[in-house]
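Worksheet: the structure to be examined is printed underneath.
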Amino acid sequence: MGLDVFDELVIATHNSGKAREIADLLHPFVITFYSASDLGLLEPEETGSSFEENAVLKAKAAAQASGKLSLADDSGLSVTALNGAPGIYSSRWGGEEKDFDFAMQKVHEELGSSQDRSAAFVCVLALAWPDGRVETFDGRVEGYIIWPKRGDFGFGYDPFFVPDGYNITFAEMNPEDKHKISHRAKAFDKMIEIFFAGKGL
Ligand code: IMP
């Protein structure tokens, strides 16, 4: 089931921060990385109705357009009392300006006096081959929403999310510690174990 060739990988994102973070995680296993913007690939519309569907459509589009193995991720925050919102719309709740203070305020207001503050960050990775094969890997970290928000590290919804078993938010946590337990780390660990482990350069 392992990869035969891993000398090239397209990271199917136009977000340079995300491309760098993924290249850092996989650099022991891949020789040359390209991002979708390096190759001038069009950004597909995220029309899926789940993290998995969106990750798959991004990875497949990049694999078909580039003829190379391609990796995409889709992630977000799922709040139980909001029926999973903002979910696949997590980025869009930040508006054009990607203002996550505004997005967190919106979550807080929609939660109102709800007793159930539980939430989870979710990440789905999709690895797509040019011949149409796709494999997905998911990661999830459970926790709860606090208000007011706290902390300056991280990004997005980190300042109001406390992972279960901790009493600090993701934004108060040293980034290295967050990366050990995050939804993204769990999804990457699964993929590395199946496709890359033992094949390090
Ligand atoms: P994507 O780039 O379409 O997958 O958007 C994911 C969105 O979910 C980001 O813009 C963030 O708002 C949110 N998100 C995903 N992972 C995290 C995280 O680790 N911390 C905080 N927010 C996150």
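The values are calculated or read from the model by the stated rules, or taken from the named source; none is laboratory data. Just so it is clear, the structure is predicted and the values come from calculations on it, not from any experiment. Virtual Cβ from ideal backbone geometry, glycine too; neighbours counted across all protein chains shown. For accessibility, only protein heavy atoms count, side chains too; no ligands or nucleic acids. Shrake-Rupley method; radii C 1.70, N 1.55, O 1.52, S 1.80 Å.
Observations on the model:
- Fraction of antiparallel bridges per DSSP, the chain only, in percent to nearest 5: 80
- In the context of the full set of protein chains, residues of the range 62-201 present 49 Å² of accessible surface per residue (probe radius 1.4 Å, heavy atoms only).
- Dipole size of the chain about its Cα centre, with +1 on Lys/Arg Cβ and -1 on Asp/Glu Cβ: approximately 200 debye, rounded to the nearest 20.
- 5 angstrom amide H check on residue 8, placed H, neighbours 5+ away: 31, 32
- For the range 78-90, backbone phi angles converted through the Karplus equation (6.51, -1.76, 1.60; θ = phi - 60°) give residue-by-residue couplings of 10, 9, 4, 5, 9, 6, x, 5, x, x, 5, 9, 4 Hz, Gly and Pro being listed as x.
- Among 138, 116, 73: highest mean-square fluctuation, GNM of the chain, C-alpha pairs under 10 Å: 116
- The modelled label-to-label distance for the pair residue 15/residue 97, using points 7 Å beyond Cα in the direction of Cβ, is 1.9 nm.
- For the pair residue 7 and residue 116, a Förster radius of 35 Å applied to the C-beta separation gives a FRET efficiency near 0.15, rounded to the nearest 0.05.
- GNM flexibility winner over the chain from 154, 40, 94 (Cα, springs under 10 Å): 40
- Amide N proximity, the range 82-96 versus residue 109 label position 7 Å along Cα-to-Cβ, cut-off under 14 Å: 93-95
- Structure remark: mean-square fluctuation, Gaussian network model of the chain, C-alpha springs under 10 Å; the largest value among 155, 188, 137 belongs to 155.
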